[in-house]
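K.L.:
The structure's right below; bear with me while I get my questions together.
The values are calculated or read from the model by the stated rules, or taken from the named source; none is laboratory data. Being a predicted model, the structure only gives us computed values, none of them experimental. Ideal geometry is used to build each Cβ from the backbone, glycine not excepted, and the neighbour counts take in all protein chains shown. We work out accessible area using only protein heavy atoms, side chains counted, and drop any ligands, DNA or RNA first. Shrake-Rupley method; radii C 1.70, N 1.55, O 1.52, S 1.80 Å.
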Amino acid sequence: MPSSPPLTATASPLGAAVQCAGDRRGHAPDPGRDAGCNVPGVWRGDGVAQAPQRTQPSGHAPLDAQLPGGGWPMGAMSEVLLPPHAFHEWRLVLPALAGAVGNGAPGRVVLVAPPHAPFGPVLAAGGLPADRVCHIVAGPHQGAQAAWAAEQALRCRDVLAVLAWLPQTAPEVLRRLQLAAAQQGRLLWVFRPEHLRQQASPAPLRLWARAAGAGPAEVEVVQVHVLKRRGPPVLAPVLLPVCDARLLAVLQAQARRRQSAQEAARQQWQQRQERLQALRALGLPTEPPVGAAAAQGEWAFHALDRTSSARA
C-alpha cells in the first residue's frame, strides 16, 4: 500500500497564521513571520496601515492618521454618532466628497432622509456641485423606507456615495447596508444618535463627533472619538476645527476685534467714573444743568477740563 504523505510537508495558510500568533505570544521571532502572516482576509490587530482596503482621504490630516488606510473606507460602512441638534457631519465628510469629485470620480452623492435640506451654495463652495447631489425625503416615522432607499442607492451604478440619517434602525438592516456597500465598493456614511454608542454595530468604522467648548476669544472644535476601527484603540480624540481654515481665520479675527472693543468700552467706562469722582471731590455738580447745555450730552466731562484749565 502507498505510504501516506508526511503531515509536515506543507504548511497551510491557517497554520501560518497560528504560527504568527504564537510568535506574538512570546516565542522566538521568525524572520519569515511577516510573510507568513499575509493571509488573504486576515489583518493584524497591531497594524492600522496594513488593512488591505481602498480608501478616500478625508481631507483632515489628523483624522487620516487614525483611519485604517489613511481615509474613509470604500466598500464599507462608516457609522458617525452625533449629539442632538448637531450638524458636524458635513464638516467631516464634505472634504472627502469634494476630493473625490475633484479627482474625476463619476456618480452622484445620495442623501437619504437628512434632518434638514442641504444648502446648495455652501456645498458648491466646499467643492461639491449641487447637480451632483440627490436628495431623498422620508417622513419622521419611515425608518424602514429610508433604509431601503439607502440600500437601493448603494446598488445603483450611477452613485458615488450614500449618506443616510437612520436614527432608529435594526441591526439586521445595518448588516444589509454593510453588505451592499461591500459588494458595490461605495462610500457609505450612516449617521445615528450618540446614545447608541454602547450598542454593537456591524460597521468596521465607528466615530463619535461632538463639539468641545472654547474660550470667548476662540472658536470651538469638534472632538472625533474613534470608537471602533481595524487596529489598536485610539485613546485620545481627534480635534478638528468646526469650519475650514479660511473661515476659521475670519472668525478668529472677528473674535479678536470683539474682545478689543469690549476692552475699550471697559476702559472708557472706568475713565468716566474717575472723572465723576474728581468732580465730586472738587465740589462741582455731576449732573448737567437744565437748559441748552444739557443737550450737549458731555457737560460733565468738559466741566472738569474747564476747571483744570482755569487753575492752570
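K.L.:
Say we look at region 253-275 and pick out the residues that are modelled with pLDDT under 85 and aliphatic (A, V, I, L, M); which of these is surrounded by the most Cβ atoms within 10 Å (Cβ to Cβ)?
P.N.:
Within region 253-275, the match that is surrounded by the most Cβ atoms within 10 Å (Cβ to Cβ) is 255.
K.L.:
To continue, here is another question. I'm checking my understanding of the structure. Among residues of region 152-163 that are out of contact with any Phe, Trp or Tyr (no Cβ under 7 Å at 6 or more places or on another chain) and either among the basic types (Lys, Arg) or under 21 Å from residue 81 (Cβ atoms) (or both), which one is surrounded by the most Cβ atoms within 10 Å (Cβ to Cβ)?
P.N.:
162
K.L.:
Here is a list of conditions, (1) open to solvent by 20 Å² or more (accessible area, probe 1.4 Å); (2) within 14 Å of residue 163 (Cα to Cα); (3) not basic (Lys, Arg), and residue 70 meets all of them except one; can you say which number that is?
P.N.:
Status for residue 70: all satisfied but (2).
K.L.:
Hey, another quick one. Within region 114-131, can you find the residues that are open to solvent by 20 Å² or more (accessible area, probe 1.4 Å) and in contact with a helix residue (DSSP H, G or I) (Cβ under 6 Å, 6 or more places away or on another chain)? Spell out the reasoning first.
P.N.:
So in region 114-131, the residues open to solvent by 20 Å² or more (accessible area, probe 1.4 Å) come out as 114-122, 124-127, 129-131.
Across region 114-131, the qualifying residues are 120, 124, 126, 127, 130.
K.L.:
Let me ask you something else. Does any residue of region 172-194 turn out to be surrounded by 18 or more Cβ atoms within 10 Å (Cβ to Cβ), farther than 20 Å from residue 150 by Cβ and either modelled with pLDDT of 95 or more or in contact with a His (Cβ under 7 Å, 6 or more places away or on another chain) (or both)?
P.N.:
no
Here is a yes/no grid of residues against (1) small (Gly, Ala, Ser); (2) modelled with pLDDT of 95 or more:
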residue	(1), (2)
123	no, no
138	yes, no
141	no, no
151	no, yes
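K.L.:
Given the conditions (1) within 16 Å of the chain's Cα centre (by Cα); (2) surrounded by fewer than 18 Cβ atoms within 10 Å (Cβ to Cβ), report the number of the one that residue 167 does not fulfil.
P.N.:
Here residue 167 meets the rest and fails (1).
K.L.:
Suppose we keep only residues that are assigned to a loop (DSSP other than H, G, I, E, B) and surrounded by fewer than 17 Cβ atoms within 10 Å (Cβ to Cβ) within region 235-252. Which one would you say is modelled with the lowest pLDDT?
P.N.:
Restricting to residues being assigned to a loop (DSSP other than H, G, I, E, B) and surrounded by fewer than 17 Cβ atoms within 10 Å (Cβ to Cβ), the top hit is 244.
K.L.:
Now for a different question. Yes or no: residue 147 modelled with pLDDT of 90 or more, open to solvent by less than 20 Å² (accessible area, probe 1.4 Å) and within 24 Å of the chain's Cα centre (by Cα)?
P.N.:
Yes, satisfied.
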